[in-house]
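First up is the structure itself, then whatever we jot down about it.
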Amino acid sequence: MKKTLIALGLTLGSLTGVAHANTGSINFHGQVTAGTCSIEIVDPTTGLPLSRVFMGNVPASNFGAVGTEFGMRAFSMRVTPGTNCVTASKKGVVTFTGAYGAAGAGSDLHALEPGSATGLALAIKDDTGTLIANGSDSRDYDLDDTNPTDMLFSASYRSTAATVAAGTANTDIAYVFTLK
């Protein structure tokens, strides 16, 4: 009988030492794209890669009416042909879509992140100065068959109200490059 109780005591002792399990989930986010061309955002003056386009500090007083633009910054998208990027006899088109949606009377501008300066949005233009509306294609850019091509664009702040309130003025813009 003693042997049975000792064995039972050992068994119960090992059950009380079991860790309690928690359950949950892990969210993984990603994207698999069919993109085959190397695209770099570069400074058109220096040719050096940019991690972001700095718009600088712009006084709210510079925007006196709806549609006033200020703080223009140029940037280029460099397309480099290669094994998986055949640009021969093709053109490049870029679609810019604001992460925070569209802004402006015609919804053709890119909204700033929530909590930013009010009465202001971002305008993106092609190298001819034509506005590229949020979610719309740029003009067709000719691409070099063998050398990198720099497609020139510019961004500026545009007032969407008669009065602009000071604050941060950041936004994120997704782009899709398409060979035509």
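Grab the beta carbon distance between D127 and T178, set R0 = 22 Å, and tell me the FRET efficiency rounded to 0.05.
On the way: r = 17 Å, r/R0 = 0.79.
Efficiency, from the Cβ-Cβ distance: 0.80.
Run the numbers for L48 and T168: contour at 0.36 nm per residue of separation, minus the present Cα-Cα distance, in nm. Can you show the working numbers first?
On the way: separation 120, 0.36 × 120 = 43.20 nm, distance 2.58 nm.
That works out to 40.6 nm of additional length.
Would you mind checking which residues have amide H under 5 Å from L143's amide H? H placed 1.01 Å from N; only 5 or more apart, or other chain.
When sequence neighbours closer than 5 places are left aside, the close amide H contacts are K90, G92.
Order by neighbour count: M55, M151, M72, fewest other Cβ atoms within 10 Å first, most last.
Going from sparsest to densest Cβ surroundings: M72, M55, M151.
What's the FRET efficiency of R139 with E40 using the Cβ-Cβ distance as r and R₀ = 22 Å, to the nearest 0.05? Mind showing how you got there, number by number?
Working: r = 20 Å, r/R0 = 0.91.
With a Förster radius of 22 Å, E is 0.65.
If R0 is 22 Å, what FRET efficiency do you get for T97 and N57 from their C-beta distance, rounded to 0.05?
Working: r = 26 Å, r/R0 = 1.20.
Using R0 = 22 Å, I get an efficiency of 0.25.
For region 132-140, in order, what is each residue's ³J(HN,Hα) by Karplus, 6.51 cos²θ - 1.76 cosθ + 1.60 with θ = phi - 60°, in whole Hz (x at glycine and Pro)?
For region 132-140, the Karplus curve yields 9, 5, 3, x, 10, 6, 6, 5, 6 Hz.
In what order do K180, K125 fall by count of nearby beta-carbon atoms within 10 Å, going from fewest to most?
Listed from fewest to most nearby Cβ atoms, that is K180, K125.
Taking amide hydrogens as modeled 1.01 Å from N in the peptide plane, which residues meet the under 5 Å criterion relative to G101, leaving out close sequence neighbours?
Hits under the 5 Å cutoff: A111.
Please order F54, F70 by the number of other Cβ within 10 Å, starting at the fewest.
Ranked by crowding around the Cβ, least crowded first: F54, F70.
Each value in this text was obtained by applying a stated rule to the coordinates, not by laboratory testing. None of these values were measured; they are calculated from a predicted model. For neighbour counting, all protein chains shown are included, and Cβ atoms are generated from backbone atoms with ideal geometry for every residue, glycine included.
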